[in-house]
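Asker: Sharing a structure with you now.
The values are calculated or read from the model by the stated rules, or taken from the named source; none is laboratory data. Every value quoted in this text rests on a predicted model; they were computed, and no experiment measured them. Heads up, the Cβs are rebuilt from the backbone with ideal geometry, glycines too, and the neighbour counts pull from every protein chain shown. Quick note on the areas: whole protein, heavy atoms, side chains included, nothing else; ligands and nucleic acids left out. Shrake-Rupley method; radii C 1.70, N 1.55, O 1.52, S 1.80 Å.
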2 protein chains.
Amino acid sequence: MDAVTFEIDAQLKQTSYPIISLSVCDLRLVDDQRWPWLLIIPRVPHTVELIDLSPELRSGVWLEIDHVARVMRDQFSPYKLNIAALGNQVRQLHIHSIARFPEDAAWPNPVWGVGDPEPYDATLLNTRLGALRDGFA
Amino acid sequence: MDAVTFEIDAQLKQTSYPIISLSVCDLRLVDDQRWPWLLIIPRVPHTVELIDLSPELRSGVWLEIDHVARVMRDQFSPYKLNIAALGNQVRQLHIHSIARFPEDAAWPNPVWGVGDPEPYDATLLNTRLGALRDGFA
């Protein structure tokens, strides 16, 4: 990992809030309160695909994806988790972890591109970030 | 794993062709020639989420997801791979691995729910299944 040159993509940064840094990845909360939606971003510069990572880093990312899934399940009791590495709009490697419910705004379709984001209000944002930070601490 | 009670979900089966069985997962080709699109289906009955798998099986699935990604890259040279465990429509655990291109029918959006599937013609189907089976042999 190269702490000097790694930067989170500007579009990812603008549309999400930092939660915490795990060993390999930064976790961020997407600013759309329609869904509990986390981004898992490996702090590895110039990486596009999971298979571009070294085996050691890739294992670390998988473990952190699992960790995120467990915290999401504990905190939100989703009917289904959606876990995805797409990267069609932002090439920097990032993995989505989204808690889905049959009553949510996109169900049963994927969430990407559905309607307009509903930014968090300050109270819910602070509550959610606090709970998530506690969950990963 | 329980070979006796494991069955692939009927909807997944009807919309895809078997490619090969790896150690943990069955691989299938989705019957839509607009995209090279594989399904990775762990042969573990009654599994919905990746975190429901034992750590050993989960590691095996991750390795096979990586294996699929490498074969997809070798055979199709995608601009981007889309790898996703959604399961909103079919709950049985299955992972999508899709080769994406800037000129494809959904770019830059996800492929799910876009237009109508274009079933393979027999010649392309046989060529593709043959090449994929060789790639995983």
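Asker: Calculate how steeply helix B:122-136 sits against the longest principal axis of the alpha-carbon atoms of chain B, using the helix alpha-carbon long axis, and give the answer as 0 to 90 degrees to the nearest 10.
Answerer: Taking Cα atoms only, the helix is inclined about 50 degrees.
Asker: Starting from the Cα gyration tensor of the stretch B:52-115, take the square roots of the eigenvalues, sort them a ≥ b ≥ c, and report rounded, prolate or oblate (rounded when a/c is under 1.5, otherwise prolate if a/b is larger than b/c, else oblate).
Answerer: oblate
Asker: Ratio of Rg to Rh for the protein assembly as shown, alpha carbon only, Kirkwood?
Answerer: 0.95
Asker: Can you tell me the FRET efficiency between B:L125 and A:R34 if r is taken as the Cβ-Cβ distance and R0 is 51 Å, rounded to the nearest 0.05?
Answerer: Rounded to the nearest 0.05, the efficiency is 0.85.
Asker: Follow-up question, since we're still on this one. With a cut-off of at most 13 other beta carbons within 10 Å, and DSSP calling the residue loop, which trypsin sites (Lys or Arg not before Pro) in the stretch B:79-137 qualify? Please list them.
Answerer: none
Asker: Restricting to Cα pairs below 8 Å that are 6+ residues apart, what does the relative contact order work out to for chain A? Please round to a whole percent.
Answerer: Result for chain A is 26 percent.
Asker: Scan chain B for the residue whose Cβ is closest to the axis carrying it onto chain A, then write down that distance in whole angstrom.
Answerer: That would be B:A84, 2.
Asker: Could you pull the Rg and Dmax for the stretch B:1-125, using just the Cα atoms, both in Å?
Answerer: Calculated on Cα positions, Rg and Dmax stand at 14.3, 43 Å.
Asker: Could I ask something else about it? With each pseudo-label sitting 7 Å past Cα toward Cβ, what's the A:A105-B:S23 distance in nm, one decimal?
Answerer: 4.3
Asker: Given H placed on each backbone N at 1.01 Å, which residues far from A:I19 in sequence or on other chains put an amide H within less than 5 Å of it?
Answerer: Excluding prolines and chain starts, which carry no amide H, the hits are A:L27, A:R28, A:L29.
Asker: Suppose you put the label 7 Å out from Cα in the Cβ direction; list, shortest first and in nm with one decimal, how far A:A137 is from each other copy's label.
Answerer: 5.7
Asker: Nearest 20 debye, what's the magnitude of the dipole of the stretch A:10-135 about its Cα centre given +1 on Lys and Arg Cβ and -1 on Asp and Glu Cβ?
Answerer: Dipole size: approximately 140 debye.
Asker: Using θ = phi - 60° and the Karplus form 6.51 cos²θ - 1.76 cosθ + 1.60, what ³J(HN,Hα) does each residue of the stretch A:56-73 get, whole Hz, x for Gly and Pro?
Answerer: 5, 5, 5, 4, x, 5, 4, 4, 6, 4, 5, 4, 4, 4, 5, 5, 4, 5
Asker: Mind listing the label-point distances from B:N126 to the same position on all other copies, shortest first, one decimal in nm, points 7 Å along Cα→Cβ?
Answerer: 6.8
Asker: Give me the 1.4 Å probe accessible area per residue for chain B, excluding ligands and nucleic acids, in Å².
Answerer: Per-residue accessible area for chain B comes out at 45 Å².
Asker: Further, regarding this structure: Along Cα→Cβ at 7 Å, what distances in nm separate the A:P45 label point from those on the other copies, shortest first?
Answerer: A:P45 label point versus its equivalents elsewhere: 5.2 nm.
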